[in-house]
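Read-outs: derived from the displayed coordinates by stated rules, not from any lab. Since this is a predicted model, take the numbers as computed values, not measurements. When we count neighbours, we look across all protein chains shown, and the Cβ atoms used for this are built from the backbone with ideal geometry, even at glycine.
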Amino acid sequence: MGKLITLHLEERTAQVRALLAAAQAEHGRLVYSNSLGAEAMVLTDIIASDFPAIDMFSIDTGRLHEETYTVLEKLQHRYGNRIRLIAPEAAALERLIARQGVNGFYASVEARQECCRVRKIEPFRRAIAGYAGWITGVRREQSAARAGGELRAWDAEYGLHKISPLLEWSEAEVWQYIRARALPYNALHDRQYPSIGCSPCTRAIQPGESRRAGRWWWEQSESRECGLHPRPGRQAAVA
Ligand code: SF4
């Protein structure tokens, strides 16, 4: 570890390793759904360094920022080709664009959710097939919808275990780890993009706005999740 890693962060990191090791021992094959955001830099570093049997994937929706591909390339240089890219199914994507147009997701919540279904949810379902559990980088403080999460839970929506090792981490701890380990990160984070999704659906946030305010900014907050993390108590496939 670099000289800036504090004892507290060492302990936090040890807890992540212990959680992943316990989940692996108990459940079997795990896969990490890598968002390529700031939290993903931490988890990629830990998993690539210490958990060779945990697979990783990212979903290339076809609408990511150029900066996201750049950070992916940096991760490939640092860790080798550990992150598998999953693309939307070509015929489904062609049908979607024929139906709603190339930027049809702005038209309504339903159109946006349909786009997320084709470009994110269906590839996600394919990517997790055959695994006993999936790992996510969500943190409790990211949003009200994520505040009620658990470190380990049964994910009834997708039929496997869900492990959230960074759930209790603060944003400051994530960035301490990134700096101490001199990890790559998405350049958009330095331009007021704390949460990064697809390019046409993400904008910079203003001072005082919540960290997810730049995601699907034209919608009411109630609908603003892509569906991978439904709100507690809801069965929504695309929330
Ligand atoms: S975030 Fe936007 S572009 Fe990306 S899948 Fe969802 S609606 Fe489509």
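To the nearest ten degrees, helix 66-79 and the longest principal axis of the Cα atoms of the chain are 30 degrees apart.
Placing unit charges on the Cβ atoms only, positive for Lys and Arg and negative for Asp and Glu, gives the chain a dipole magnitude near 180 debye about its Cα centre. Only beta bridges with both residues in the range 24-180 are counted; by DSSP, about 25 percent of them are antiparallel. Length gained on full extension, Gln220 to Ala144, computed as 0.36 nm times the residue gap minus the Cα-Cα distance: 26.0 nm. Express in whole angstrom the spacing between the alpha-carbon centres of the range 10-36 and the range 167-222. Using only Cα atoms to place each centre, the spacing works out to 23 Å. Annotation: amide H of Ser58 within the under-5 Å range of Asn34, Arg84, Leu85, Ile86, sequence separation 5 or more or interchain, hydrogens built in the peptide plane.
Could you tell me the calculated FRET efficiency between Ala91 and Thr70, based on Cβ-Cβ distance and R0 = 45 angstrom, to the nearest 0.05? The partial results should precede the final answer.
On the way: r = 30 Å, r/R0 = 0.66.
Computed FRET efficiency for Ala91 and Thr70: 0.95.
Against the chain, whose longest principal axis comes from its Cα atoms, helix 90-100 is set at around 50 degrees.
Per residue, the convex hull spanned by the Cα atoms of the range 68-107 amounts to 81 cubic angstrom. In the range 145-208, inverting the average of 1/r over every pair of distinct C-alpha atoms gives 14.5 Å as the Kirkwood radius.
Computed from Cα atoms, the angle from the helix 7-27 axis to the main principal axis of the chain rounds to 70 degrees.
Could you give the length gained on full extension between Ala98 and Glu11, defined as 0.36 nm per residue of separation minus the Cα-Cα distance, in nm? Walk me through the numbers on the way to the answer.
On the way: separation 87, 0.36 × 87 = 31.32 nm, distance 5.14 nm.
Length gained between Ala98 and Glu11: 26.2 nm.
The value given for the chain is a Kirkwood hydrodynamic radius of 18.4 Å, derived from the mean inverse Cα-Cα separation. Pairs of Cα atoms nearer than 8 Å and 6+ residues apart set the relative contact order; for the range 7-223 it is 24 percent. Which of rounded, prolate or oblate describes the range 1-119 when judged by the alpha-carbon gyration tensor and an a/c cut-off of 1.5? Note, shape of the range 1-119 comes out prolate. Derived scalar couplings between HN and Hα for the range 33-44 equal 8, 8, 7, 6, x, 4, 4, 5, 5, 5, 5, 4 Hz in order, rounded to whole Hz, by the Karplus curve 6.51 cos²θ - 1.76 cosθ + 1.60 (θ = phi - 60°), x for Gly and Pro.
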